[in-house]
Amino acid sequence: MSQYSAFQSIVAPLLVNDIDTDQIIPARFLKATDKKGMGDHLFADWRYQPDGSPKPEFVLNNALYRQARILLAGENFGCGSSREHAPWALCGFGFRAVISTSFADIFKSNALKNGLLPVEVSADAHWKLVRFLEADANAQVIVDLESQTVTLPDGSRESFPIDSFSKYCLLNGVDELGYLMRFEGAIRDFESTHS
Amino acid sequence: MIQPKTLFEKVWESHLVAQEPGSPAILYVDLHLIHEVTSPQAFTGLRQRRLNVRRPGKTVATMDHSIPTHHPSLPIADPLAAKQIRQLEANAREFGIRLYGMESPNRGIVHVIGPELGLTQPGMTIVCGDSHTSTHGAFGALAFGIGTSEVEHVLATQCLLQRKPRTFEVRVEGSLSPGVSAKDIILALLAKIGVGGGTGHVFEYTGSAIRSLSMEERMTVCNMSIEGGARAGMVAPDETTVAYLAGREYAPSGDAWEMSVQRWMKLRTDDGATYDKSITLDAGALAPMITYGTNPGMGMSITGRVPDPDAFSDASQKLALKKSLTYMGLRPGEPLLGKVIDVVFIGSCTNSRISDLRQAAALLKGRTVASGVRVLVVPGSQEVKRQAESEGLHRIFKEAGADWREAGCSMCIAMNGDQLEPGQYAVSTSNRNFEGRQGKGGRTFLTSPLTAAATAITGRITDVRTLITH
Ligand code: SF4
């Protein structure tokens with residue numbers, strides 16, 4: 001996994017609460033046996049007409065957001081199914097962070113393993129960002145994991161929480177399986193007494 | 001004095017392998033279930049790293065999500081689904097994992113066959129790349145869904161990195177009225193706390209109403225814990241649990257059985273232990289429930305009226321409800337009783353066990369499905385199917401005009417061709433009413449099997465209590 005460095009980007013707003021993983025990537029796209037190509041199906045049923053042409057009113061079909069690396073969503077983002085295809089699809093599109101006021105547990109855990117940062121901000125900060133984007137769709141936001149802050153278009157900074165282990169793994173490109181495998185001895189000891 | 005502990009804490013602590021300061025716990029996994037949809041990329045990862053499956057005997061595989069439910073002799077029409085199924089067969093063979101494959105008499109939905117085979121036992125840690133793994137918590141196991149990276153972690157190390165969740169007691173007291181069932185308990189809880197109400201927590205279901213539920217009913221309740229945002233839901237084991245497990249293929253036997261039962265019966269929350277959160281429901285006050293929106297928390301009593309977005313002060317809630325009602329084609333204030341529906345689906349890991357089918361059949365016996373309504377009855381496993389057929393339930397369903405299928409997830413997730421057409425309304429015993437979940441553009445009302453069967457008979461959303469009192 002590559003190291004997660006600070007970046008600046010415009011923000012694609014998708015201000016819907018409780019966006020479930022069935023919307024992020026509908027089940028019919030889960031028949032793939034690899035991770036590739038999921039980005040094309042991101043939000044498929046919101047993004048495309050039945051004939052496959054893009055729905056012009058959907059935010060990601062606006063040419064402006066083709067370069068967006070940040071998605072701004074409503075609360076409880078990623079609820080529902082455990083499918084890791086959801087972060088694969090978001091990353092496949094090019095997103096590196098999702099900003100929301102809250103995330104579902106399994107989605108958050110899956111996202112962190114794929115270099116997609118769940119940025120949990122206060123309702124106030126969220127509201128502020130929405131206002132900035134309404135005023136200027138091109139407004140830029142900086143996401144900095146090291147300092148755990150997002151810098152809003154007016155230069156003000158909002159902090160976000162992340163557990164120290166996930167932060168360390170992301171910043172250093174450390175993969176969790178590698179860490180886990182270092183505990184081979186402890187696992188063997190545990191197995192020798194566990195019924 | 002020994003610190004009193006909750007059931008969750010007891011199971012968590014007995015599976016802790018190690019924990020470094022500032023890092024998540026390393027938790028040992030007793031049973032790992034895998035299926036065709038969320039495992040292929042995990043095996044690819046293992047091969048890329050040249051790793052083996054550490055304890056193949058602790059992983060069990062089956063296919064359920066994308067398999068057809070027509071007669072097994074017919075070929076799988078979808079080449080992608082066929083490829084996924086072949087890949088699971090190849091992965092199981094290569095790594096020495098037990099597979100309940102297409103030909104197996106024990107094949108079924110992963111959360112139905114685990115308990116059925118006695119693989120699911122109290123006090124275990126159980127994981128699967130599937131969010132409804134919470135089902136197995138009905139046995140007092142700590143069971144939760146994981147992502148595909150974590151499936152790879154478990155295959156390679158039999159362990160997972162986990163942050164300790166908080167605890168949330170859901171106490172349900174009293175007894176259910178006729179026509180009201182376990183599904184209505186969980187839908188009522190979700191209507192109360194919403195789809196994010198349990199995030200970061202593990203539910204423990206307690207109280208007299210939970211104690212009097214059968215194991216299958218407890219599974220229905222635990223199954224939908226994730227719909228409240230809780231990755232796991234647990235019920236302390238008791239005589240009901242022990243009676244269910246006795247004699248099952250993988251349950252312990254002989255002396256080991258006696259010792260296990262002793263150990264299991266100690267798995268309960270100590271007096272004086274505290275939960276981080278709690279809520280109490282009165283079972284006696286519950287009516288049959290139905291969802292009206294596009295997440296399982298948007299539910300109400302079947303006699304209720306669709307809420308008005310303008311009654312909400314919070315702007316984002318207002319918007320969410322508006323969006324849902326637009327998708328569902330419903331008006332604020334509208335009652336759902338009497339609404340004409342197109343499809344009834346009786347199945348899924350929530351409600352496809354033998355007791356669910358018995359309830360539906362009892363209502364359908366001697367009656368017929370309303371004309372123009374498609375009714376699909378999909379047993380949760382081939383074992384459930386055989387049992388139902390030995391009791392003649394399949395004849396009741398067929399004579400009533402319902403379609404009797406082979407086991408699988410089917411229209412719960414609509415990956416296998418069993419799906420709603422755009423705009424169709426379905427009453428479904430499954431667990432998710434998300435947009436497009438049962439087929440692109442399809443619109444789902446979640447209910448109990450009783451409500452689903454009553455609706456099948458009249459072709460309109462029906463209060464089952466009006467059929468059983470007559
Ligand atoms: S029946 Fe539905 S919810 Fe259950 S495992 Fe299958 S797809 Fe998932």
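Express the carbon and sulfur contribution to the solvent-accessible surface of the range B:82-133 as a percent, rounded to the nearest whole number, probe 1.4 angstrom. Show your work: numbers first, answer last.
Numbers: 730 of 1490 Å².
Answer for the range B:82-133: carbon and sulfur cover 49 percent of the accessible area.
Burial annotation for the range A:32-62: residues with an accessible-area loss of at least 50 Å² between the isolated chain and the complete set of protein chains, computed on heavy atoms with a 1.4 Å probe, are A:T33.
The accessible-area ordering, largest first, of the residues A:W127, A:W46 stands as A:W127, A:W46, per a 1.4 angstrom probe. Solvent exposure of B:L16, expressed as accessible area, is near 60 Å², computed with a probe of 1.4 Å over the protein chains only.
For the protein assembly as shown, the spread of Cα positions along the three principal axes, ordered from largest to smallest, is 70, 61, 55 Å. Cross-link partners for B:K365 among the lysines, with Cα-Cα distance under 30 Å and sequence neighbours closer than 8 places in the same chain left out: B:K183, B:K339, B:K385, B:K398.
On association of chains A and B, roughly 4800 Å² of accessible area becomes buried (total for both chains; probe 1.4 Å).
For chain A, adding -39500 (n - 2.57) for each run of n ≥ 4 DSSP H residues and dividing by the number of residues yields -8500 deg cm²/dmol at 222 nm. For B:Y244, the accessible surface of its heavy atoms amounts to roughly 40 Å² (probe 1.4 Å, protein chains only, rounded to the nearest 10).
The distance linking the range B:284-331 with the range B:119-185 is 27 Å (Cα centroid to Cα centroid, whole angstrom). Across the range A:7-193, Cα pairs under 8 Å and at least six residues apart give a relative contact order of 22 percent.
Taking every residue in B:293-303, how many Cβ atoms of other protein chains lie within 10 Å of its Cβ, on average?
Details: counts 1, 4, 7, 3, 3, 1, 0, 0, 0, 0, 0.
Mean number of neighbouring Cβ atoms from other chains: 2.
Where in chain B is the longest stretch that carries no GluC sites (Glu not before Pro) classed as loop by DSSP and with at most 14 other Cβ atoms within 10 Å? My reading of the result: B:104-248 is the longest stretch.
Which whole number gives the average, over all residues in B:436-443, of C-beta atoms from other chains lying within 10 Å of the residue C-beta? Mind dumping the intermediate values first?
Working: counts 8, 7, 1, 3, 5, 2, 0, 0.
Mean shielding count: 3.
Per residue, the solvent-accessible area of the protein assembly as shown (1.4 Å probe, heavy atoms of protein chains only, all protein chains present) comes to 36 Å². When the helices of chain B are scored as -39500 (n - 2.57) per DSSP H run of n ≥ 4 and the total is divided over every residue, the value at 222 nm lands at -9000 deg cm²/dmol. Straight-line cross-link partners of A:K167 among the lysines, defined as a Cα under 25 Å from its Cα and at least 8 positions apart when in the same chain: A:K35, A:K108, A:K113, B:K164. Rounded to the nearest 10 degrees, the inclination of helix A:184-193 to the longest alpha-carbon principal axis of chain A is 60 degrees.
Quick one: in chain B, what % of C-alpha pairs are over 36 Å apart?
Numbers: 28586 of 110215 pairs.
The answer is 26 percent, as a whole percent.
Cα-based Rg of the range B:57-100 per 2.2 N^0.38 Å, rounded to two decimals? Don't skip to the end; give the middle numbers.
On the way: Rg = 11.3 Å, N = 44, 2.2 N^0.38 = 9.3 Å.
Normalised Cα radius of gyration, the range B:57-100: 1.22.
Based on the Cα coordinates of the range A:7-193, what is the per residue volume of their convex hull in Å³? It would help to have the intermediate numbers written out before the result.
Working: hull volume 25.5 nm³, N = 187.
Considering the Cα atoms of the range A:7-193, their hull volume per residue is 137 Å³.
The values are calculated or read from the model by the stated rules, or taken from the named source; none is laboratory data. Keep in mind that this is a model prediction, so the values were computed, not measured. Heads up, the Cβs are rebuilt from the backbone with ideal geometry, glycines too, and the neighbour counts pull from every protein chain shown. The area values use the complete protein model at the heavy-atom level, side chains included, leaving out ligands, DNA and RNA. Shrake-Rupley method; radii C 1.70, N 1.55, O 1.52, S 1.80 Å.
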